[in-house]
1. Nearest 10 degrees, 0 to 90: what angle lies between the long axis of helix 26-42 and the longest principal axis of the chain (Cα atoms)?
2. Among 128-136, 83-91, how do they line up by average Cβ neighbours within 10 Å per residue, starting with the highest?
3. Ordered by packing density, taken as the mean number of other Cβ atoms within 10 Å over each peptide's residues, highest first, how do 105-114, 2-11 rank?
4. Taking only DSSP H segments of four or more residues, each worth -39500 (n - 2.57), what value at 222 nm results for the chain once the sum is divided by all its residues, to the nearest 500 deg cm²/dmol?
5. Sorted by mean Cβ packing within 10 Å, highest first, what order do the peptides 58-71, 149-162 take?
6. Using square roots of five times the C-alpha gyration tensor eigenvalues, list the equivalent-ellipsoid semi-axes of segment 84-136 in whole Å, biggest first.
7. Can you give the angle from 0 to 90° between the axis of helix 152-166 and the longest principal axis of the chain, with both taken from C-alpha atoms, to the nearest 10?
8. Compute and list, largest first, the equivalent-ellipsoid semi-axes of the chain from the alpha carbon gyration tensor, each √(5λ) rounded to a whole angstrom.
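Every number here is computed from the coordinates shown, using simple stated rules; none is lab data. Since this is a predicted model, take the numbers as computed values, not measurements. Because the Cβ atoms are built from the backbone with ideal geometry, glycine has one as well, and the counts that use them run over all protein chains shown.
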């Protein structure tokens, strides 16, 4: 496994629609392993292949409940429900945070690293990450949903309030 360089806003790969994965062999397995290691190292909630310069429909999401990585190849959202509004950032847009509304529950159909189809459900942060990462595969960034970015002071106040509400 190896750490991959995360590309940042302004890189043309982040604005392109990714191609379907058709080969499920060692190259894909290496990419998925590298993406998981890169995501863990960056302490993020999810990572899409275009964020490491690869224009394929692949993403890795950290499952909030289990702490395990969910590998999604050729993912598509098949259903969503509810609504949540909360803080969102992106490894490709460092230092920028905004408030984004997403579904609270999301069901995704995808293939695993061997090409087998499966479905997985996520709620709250995991649902947010599914939506965020799958948008990357179509060349979109979370910044398209943000009315304004939080200043350092607003971010600090937001996090403090979240902490107080969680007690």
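1. For helix 26-42, the angle is close to 20 degrees.
2. Values: 128-136: 23.7, 83-91: 16.7.
In decreasing order of mean packing, 128-136, 83-91 become 128-136, 83-91.
3. Numbers: 105-114: 18.1, 2-11: 13.6.
The most tightly packed comes first, giving 105-114, 2-11.
4. Details: 3 runs with 45 residues, N = 167.
So the helix-based figure for the chain works out to -9000 deg cm²/dmol.
5. Numbers: 58-71: 18.6, 149-162: 12.4.
Put in order of decreasing packing, that is 58-71, 149-162.
6. Values: eigenvalues 113, 41, 8 Å².
Each semi-axis is the square root of five times an eigenvalue, giving 24, 14, 6 Å.
7. Computed tilt is about 90 degrees.
8. Details: eigenvalues 135, 65, 43 Å².
In descending order, the three semi-axes are 26, 18, 15 Å.
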